[in-house]
Amino acid sequence: MLYVFDVDGTLSFNGTEINEMIIESIKKLEQYSNQIAFASARPIRDLLPIIPAFTDNHLLIDGNGSIVQMKNNTIDVMNPISANSTLLIKQLISKYNLNYLVDDRWNYASKVKANTPIIKQIDPGKLAKRVPLNTITNPIKIILLNIPDRIKNFVANVLTDKKDLSVVEHTGENDIDITSVGINKYSTLRKYTSDKYCAFGNDSNDLELLAHAEKSIWVGGKNKELKKLNLNPDIICRANNFDVANVINNLI
């Protein structure tokens, strides 16, 4: 069986590491001839430092499906965001002084408040360069962060009206994830394998991945989001190291 894991909020609860209990449970899956893949919102440069035990010979689906590192460690980029839509997003950033993280194939542009949780996840291994926003013309993924309540719906509607964009809003958060239309973890997974799989996830960007899984495991207590997503996972697991490791072990 193929097992596909989201990372932040699913395997890692501090944004900097995965507990050894969970790592050992995943390794046991492999020992029983199962395949392991990771499907994260992080770009590759941010994912590699948090999964050091699984960086070789594993499929890594990153940036919500916008970029992939294959088992031979080569990198594929899916459809980047168009130049026209990138320009629109830059105009929104400038007009409303928005915080952002804009990723290209490897480097990034950012404006992030010091107390924003995502800041500790940006290039923790110092593998990339922070570059000026105007140098990125076809990003693979953009996150608009801490959007003020008074303009969040307006910004979301402007972006949703762009038919070449995929826009994900997170319940209870003022962040918006943006990729090219049709790009998500599931659609990208299917470009590389048609195998049946078991998926672990915890957020709206895992919806398609979980909905098409042979067995789906939802990590966390976001029951309101489950209802909103119309998702009925096979297993609901509490978001802590012991319970996630235990669920993985029970699947062996």
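The figures follow:
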quantity: Residues within the range 123-148 that are surrounded by 13 or more Cβ atoms within 10 Å (Cβ to Cβ) and assigned to a strand (DSSP E or B), tallied; calculated: 5
quantity: Residue match in the range 19-32 (condition: within 22 Å of HIS170 (Cβ to Cβ), among the hydrophobic types (A, V, I, L, M, F, W, C) and in contact with a strand residue (DSSP E or B) (Cβ under 8 Å, 6 or more places away or on another chain)); calculated: no
quantity: Any chance LEU189 is of a type outside the set (Ser, Thr, Tyr) and in a helix (DSSP H, G or I); calculated: yes
quantity: Matching option when the condition is touching a helix residue (DSSP H, G or I) at 6+ places or on another chain (Cβ under 9 Å), among the hydrophobic types (A, V, I, L, M, F, W, C) and assigned to a strand (DSSP E or B), among ILE178, ILE183; calculated: ILE178
quantity: Qualifying residue in the range 60-70 (condition: in contact with a helix residue (DSSP H, G or I) (Cβ under 6 Å, 6 or more places away or on another chain) and of a type in the set (S, T, N, Q)); calculated: yes
quantity: One residue from ILE151, ILE93, ILE118 being part of a helix (DSSP H, G or I), touching a strand residue (DSSP E or B) at 6+ places or on another chain (Cβ under 6 Å) and either among the β-branched types (Val, Ile, Thr) or under 21 Å from ASP62 (Cβ atoms) (or both); calculated: ILE93
quantity: From SER180, SER187, residue being among the small types (Gly, Ala, Ser) and surrounded by fewer than 18 Cβ atoms within 10 Å (Cβ to Cβ); calculated: SER187
quantity: Any hit, the range 168-183, residues being touching a Phe, Trp or Tyr at 6+ places or on another chain (Cβ under 8 Å), in the same structural domain as VAL102 (by TED's automatic domain parsing) and closer than 17 Å to VAL102 by Cα; calculated: no
quantity: Meets criteria (of a type in the set (Lys, Arg), loosely packed, with under 15 Cβ neighbours inside 10 Å, modelled with pLDDT under 95 and not assigned by TED's automatic domain parsing to the domain that holds ASP6) for LYS120; calculated: yes
quantity: Verdict on ASN79 being within 16 Å of SER166 (Cβ to Cβ) and in contact with a helix residue (DSSP H, G or I) (Cβ under 6 Å, 6 or more places away or on another chain); calculated: no
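Yes or no, residue by residue, for (1) modelled with pLDDT under 95; (2) under 22 Å from ALA37 (Cα atoms):
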position: ASP203; (1), (2): yes, yes
position: SER216; (1), (2): no, yes
position: LYS224; (1), (2): yes, no
position: ASN246; (1), (2): no, yes
position: ASN249; (1), (2): no, yes
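Per-residue answers, yes or no, for (1) touching a residue at least 24 places away in the same chain (Cβ under 8 Å); (2) of a type in the set (Gly, Ala, Ser); (3) buried (at least 18 other Cβ atoms within 10 Å of the Cβ); (4) under 30 Å from ASP104 (Cβ atoms):
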{"residue": "ASN153", "(1), (2), (3), (4)": "no, no, no, yes"}
{"residue": "GLU173", "(1), (2), (3), (4)": "no, no, no, yes"}
{"residue": "ASP195", "(1), (2), (3), (4)": "yes, no, no, no"}
{"residue": "CYS198", "(1), (2), (3), (4)": "yes, no, yes, no"}
{"residue": "ASN202", "(1), (2), (3), (4)": "yes, no, yes, yes"}
{"residue": "ASN205", "(1), (2), (3), (4)": "yes, no, yes, yes"}
{"residue": "HIS212", "(1), (2), (3), (4)": "yes, no, no, yes"}
{"residue": "ILE236", "(1), (2), (3), (4)": "no, no, no, no"}
{"residue": "VAL244", "(1), (2), (3), (4)": "yes, no, yes, no"}
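The values are calculated or read from the model by the stated rules, or taken from the named source; none is laboratory data. Since we're looking at a predicted model, the values are computed, not measured. Because the Cβ atoms are built from the backbone with ideal geometry, glycine has one as well, and the counts that use them run over all protein chains shown.
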